[in-house]
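A short worksheet on the structure shown next.
Since every read-out is calculated from the coordinates, none of them should be taken as a lab result. Computed from a predicted model, the values in this text were never measured in an experiment. Here the Cβ positions follow ideal geometry from the backbone for every residue, glycine too, while neighbour counts run over all protein chains shown.
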Amino acid sequence: MSNIREEIQKRILVLDGAMGTMLQAYNFTEEDFRGERFKDYPSPLKGNNDLLSLTQPKAIAEIHAKYFEAGADIVETNTFSGTTIAMADYNMEDLVYELNYESAKIAKEVADKFTKENPKKPRFVAGSIGPTNRTASLSPDVNRPEYRAVTFEELRIAYKQQVEALIEGGIDMLLVETIFDTLNAKAALFAIEEVKEERQIEIPIMVSGTITDASGRTLSGQTVEAFLTSISHVPLLSVGFNCALGAEQLKPYLQRLSKETNFYTSAHPNAGLPNAFGEYDESPEEMKTYIEEYLKDDLINIIGGCCGTGPSHIKAIAEVAKNYSPRELVGSF
């Protein structure tokens, strides 16, 4: 069986693109989201993309397959909102284990199929762990700065349940992603370490933060260097950034990150910045040009796409990535 740690030393690994962008193309209705099983569910379910792993598993498998066909080495599970905290919006907290387990299983079956067809290019599954819709560092109420909508302990419990289900579903690594609040991420990492210790297992961990705007900081106010320091106590496979910015805007932060860390580095930027309608216009060719600058400057080990990217973007990125060597880790920091 191939090991992600071996493969990452051989070449730049390609991550998949957006799940949401692909799902939009299906134009699923409320009835599609519900399927037969949830047809009488009391809450509206349209928009609960994670639920589609149960009600439209074929579509989820098709999306994973399209990304692998485009050249991706790693696909992310359809579990970005797979915690009790995020699922409370749909009154579906009780389904969290099943959602994560089934999502992992679907992705792993597709990955195994592609690995079998071409054993020289093994495919992997990253269990996607999103930031939840609450922040542990900031108050959502401007009049009550001391108030918090969620505690570290509540986050730890929720993340632990998600992590256990993803591992049992067969993922190869965990991806704590789109981090806007590092305290949330630390709760996720704590939960992962707890599960690893209890089960006496090792599992690679990817961490990907989000620089929210031109201030160069996360939403909770950390610079690149502060973010890195906050999570570097955990033995990570990789650290990087995704979402919020396009590839061009993300580059200066990757430059700073790659100089400061001896973890492998990753990036999955958006297809440019959103236009007035909230859509992403950057073409695969445009994105490829910006990504090539990362490769020339030796900034990354794992590269993929976030909002607005599809298989054509990933295909263009994979084509250019194979011409470059991965960023080497030198000594210790």
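Paramagnetic label reach from Glu202 (point 7 Å along Cα→Cβ; backbone nitrogen cut-off under 17 Å): within the range 1-39, residues 1-10. Compared with the alpha-carbon gap, the fully stretched path from Glu168 to Arg11 is longer by 53.7 nm at 0.36 nm per residue. Once backbone amide H atoms are built at 1.01 Å from N, Ser208 has Val176, Glu177, Thr178, Ile179, Gly240 as its partners under 5 Å, excluding neighbours fewer than 5 places away on the same chain. Rounded, prolate or oblate: pick one for the chain, where a ≥ b ≥ c are the square roots of the eigenvalues of its C-alpha gyration tensor, a/c under 1.5 means rounded, and failing that, prolate if a/b is larger than b/c, else oblate. Cα axes put the chain in the rounded bin. What nm value, rounded to one decimal, do you get for the distance between Lys113 and Glu293 when each label is placed 7 Å out toward the C-beta? For Lys113 paired with Glu293, the spin-label model returns 3.8 nm.
Which trypsin sites (Lys or Arg not before Pro) from the range 274-328 combine a DSSP loop assignment with at most 13 other Cβ atoms within 10 Å? All intermediate terms of the calculation are to be shown ahead of the outcome.
Numbers: sites: Lys288, Lys296, Lys315, Lys322, Arg327; in loops: Lys322, Arg327.
Sites meeting the loop and neighbour criteria: Lys322.
Pop the C-beta distance of Asn275 and Lys39 into the FRET formula with R0 = 45 Å and round what comes out to the nearest 0.05. Computed FRET efficiency for Asn275 and Lys39: 0.75. Taking a point 7 Å from the Cα of Lys121 along the Cα-to-Cβ direction, the residues of the range 8-32 with backbone N closer than 11 Å to it are 14. Name the shape class, rounded, prolate or oblate, that the alpha-carbon gyration tensor gives for the range 161-234, where a ≥ b ≥ c are the square roots of its eigenvalues, rounded holds for a/c under 1.5, and otherwise prolate holds if a/b is larger than b/c and oblate otherwise. Taking the square roots of the gyration eigenvalues as a ≥ b ≥ c, the range 161-234 is prolate. Strictly over 30 Å apart at the Cα level, which of Lys58/Lys251; Lys58/Lys160; Lys10/Lys108; Lys186/Lys322; Lys113/Lys288; Lys160/Lys322 would you flag in this model? From Lys58/Lys251; Lys58/Lys160; Lys10/Lys108; Lys186/Lys322; Lys113/Lys288; Lys160/Lys322, over 30 Å: Lys58/Lys251; Lys186/Lys322; Lys160/Lys322.
Taking 0.36 nm per residue of separation and subtracting the current Cα-Cα distance, fully stretching the chain between Lys58 and Asn91 would add 9.5 nm.
The antiparallel fraction among DSSP beta bridges confined to the range 4-321 stands at about 5%. Extension gain, Ile157 to Ser283: 0.36 nm times the residue separation minus the Cα-Cα distance gives 41.3 nm. Under the convention that each Lys and Arg Cβ holds +1 and each Asp and Glu Cβ holds -1, the size of the dipole of the chain around its Cα centre is about 620 debye. Placing +1 on the Cβ of every Lys and Arg and -1 on the Cβ of every Asp and Glu, with nothing else charged, gives the range 18-159 a dipole about its Cα centre of roughly 500 debye. Computed 3J(HN,Hα) for the range 312-318, one whole-Hz value per residue from the Karplus formula 6.51 cos²θ - 1.76 cosθ + 1.60 where θ = phi - 60°, is 5, 5, 5, 4, 5, 5, 4, glycine and proline marked x.
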